[in-house]
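To start, the structure itself, in structure tokens.
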Amino acid sequence: MNTKIWTVQSTEYPQSIINEVATFFQEGKVVAFPTETVYGLGADATNDEAVARIFEAKGRPSDNPLIVHVSMPEQMDEFADRGSPLAQQMIAAFAPGPISFILPVTETSMLSTRVTAGLSTVAVRIPSHPVARNLLESTQLPIAAPSANSSGKPSPTRAEHVLQDLQGRIAGVVDGGPTEEGIESTVVDCTGEVPIILRPGSITADQIRAVIGNVELDAGLTGVTSAPKSPGMKYTHYAPDAPLYLVEGEIKTLQVWIDRFQGEGKRVGVLTTVDSKADLIADAVLTCGQRGDIATVAKALYDTLRQFNEQNVDVILCETFPEDGAGAALMNRLRKAAGHSYLY
Ligand code: TXA
Ligand code: MG
């Protein structure tokens, strides 16, 4: 399959591009597009075959449901129940933005059952990225879109990442430049009385608590149970080719581990921030953002993880970050990328 590339780097671009992509969606084709979090792999959520193509292109297990993207809350009524007080408050406070709401599926839902993997709930998101919004408004279709990576790889924050994984496997990609947030949306279960965070993201627990009064974390995130409510959380994720270890402690400890692995004849890559680059000696020292500004680390994380694949390293070591605020989402992704492997 020839993968078409449309470039919309600037804020000014011809509407004909958006119309062409909208036509692709109407024809059941799969097209990747930028959102403020990561690139999504979109298709018509009401078209069974189109949705099947998403799973096939990514190599995604069919029991892992997709997020449905719409342009405005009213559009959710075609398939989801947003009527509860909690859902109403959450949507009013945080949409559009980097957050997905888990809502009950309605009996009259037009969605392909593949989207929800047979669950009675559906994840819905209204992205704020101008290109995504334009696209969703133009098609008027609910668009199912997981992150546009091969299953298990780091999510794409640039169109090049999408092409690395999926060129020839999808109909097209809209290149809107690097994404702003860099990690996926916060997934919040809004089906009960209290919001439950199933996947942390850049909308933080504190922000939700400030609006709703309370918020819970899914037990699967705190490590108490091994059965997370968000089906996707049980799979290996975000992994670079070489094994990744998180190193607790000071930068000195990181250097001790670098030396130890090198002593075993291994080529060692280090993932750190600009703050510590000068203090570390390894085979490849890649930086992502500034330690004092977690948003900059999150934004660069997946791109940096992918860069290690060109460094020919045997092992990657990474510092850890405080888990408050935006650090919760960052450490959630790092732990998953590392398969929960820590060194002390
Ligand atoms: O930022 C994002 O959320 C990006 C952009 C493209 O919107 N999308 C994304 O999709 O990250 P994906 O498929 O990579 O992750 C969706 C997550 C998975 O962990 C999935 O299990 C969970 O949302 N999810 C989807 N539907 C669910 C449901 N009904 N109940 C619980 N979790 C659900
Ligand atoms: Mg994903």
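Solvent exposure of the chain amounts to 41 Å² per residue of accessible area, where only protein heavy atoms count and the probe is 1.4 Å. Heavy-atom surface analysis with a 1.4 Å probe gives the chain a carbon and sulfur content of 49 percent of its accessible area. Any idea which of G263, G339, P243 is furthest toward the positive side of the dipole for the chain, if Lys and Arg beta-carbons carry +1 and Asp and Glu beta-carbons -1? Of G263, G339, P243, it is G263.
Computed over the chain, the per-residue total of -39500 (n - 2.57) for DSSP H runs of n ≥ 4 gives a 222 nm mean residue ellipticity of -9000 deg cm²/dmol, rounded to 500. The value of relative contact order for the stretch 92-245, using C-alpha pairs under 8 Å at least six residues apart, is 22 percent. Projecting each Cα onto the charge dipole of the chain (Lys/Arg +1, Asp/Glu -1 at the beta carbon, about the Cα centre), which of V162, F79, T116 comes out farthest on the positive side? About the Cα centre, the residue reaching furthest to the positive side is V162. Which residues among the stretch 167-206 fall inside the zone where the amide N is under 19 Å from a point 7 Å beyond the Cα of A52, along Cα→Cβ? Backbone N within reach: 169-171. Evaluated with a Cβ-only charge set (Lys, Arg +1; Asp, Glu -1), the chain carries a dipole of roughly 560 debye about its Cα centre, given to the nearest 20.
Candidate membrane-span-like segments in the chain, meaning DSSP H helices with Cα atoms spread over at least 20 Å of their own axis and a Kyte-Doolittle mean of 1.0 or above, do not occur, with no membrane implied either way. Packing around the peptides 84-91, 207-214, taken as the average count of other Cβ atoms within 10 Å per residue, puts them in this order, highest first: 84-91, 207-214. Over the stretch 4-221, the alpha carbon radius of gyration divided by the compact-protein estimate 2.2 N^0.38 Å works out to 0.95.
Antiparallel beta bridges, as assigned by DSSP with both residues in the stretch 244-343, represent about 5 percent of the total such bridges.
Per-residue surface analysis assigns R60 an accessible area of about 40 Å², computed on protein heavy atoms at 1.4 Å probe radius.
Counting only protein heavy atoms and using a 1.4 Å probe, the accessible area of T287 comes to about 50 Å². If R0 equals 25 Å, the separation of the Cβ atoms of S341 and T296 corresponds to a calculated FRET efficiency of about 0.50. Among W6, W257, the sequence by solvent-accessible area, most first, with a 1.4 Å probe is W257, W6.
In the chain, the DSSP beta bridges split such that about 35 percent are antiparallel, to the nearest 5. Solvent-accessible surface of protein heavy atoms, probed at 1.4 angstrom with all chains present, puts E107, E248, E137 in the order E107, E137, E248, largest first. Heavy-atom accessible area, probed at 1.4 angstrom with all protein chains present, ranks E74, E193, E310 as E193, E310, E74, highest first.
Look at the dipole of the chain built from charges on Cβ: of T222, V70, N2, the Cα furthest out on the positive end belongs to N2.
The values are calculated or read from the model by the stated rules, or taken from the named source; none is laboratory data. On a predicted model such as this, the values are computed, not experimentally measured, just so you know. FYI the Cβ positions are ideal-geometry reconstructions off the backbone, even for glycines, and counts take in every protein chain you see. In case anyone asks, the SASA skips ligands and DNA or RNA and just uses the protein heavy atoms, side chains included. Shrake-Rupley method; radii C 1.70, N 1.55, O 1.52, S 1.80 Å.
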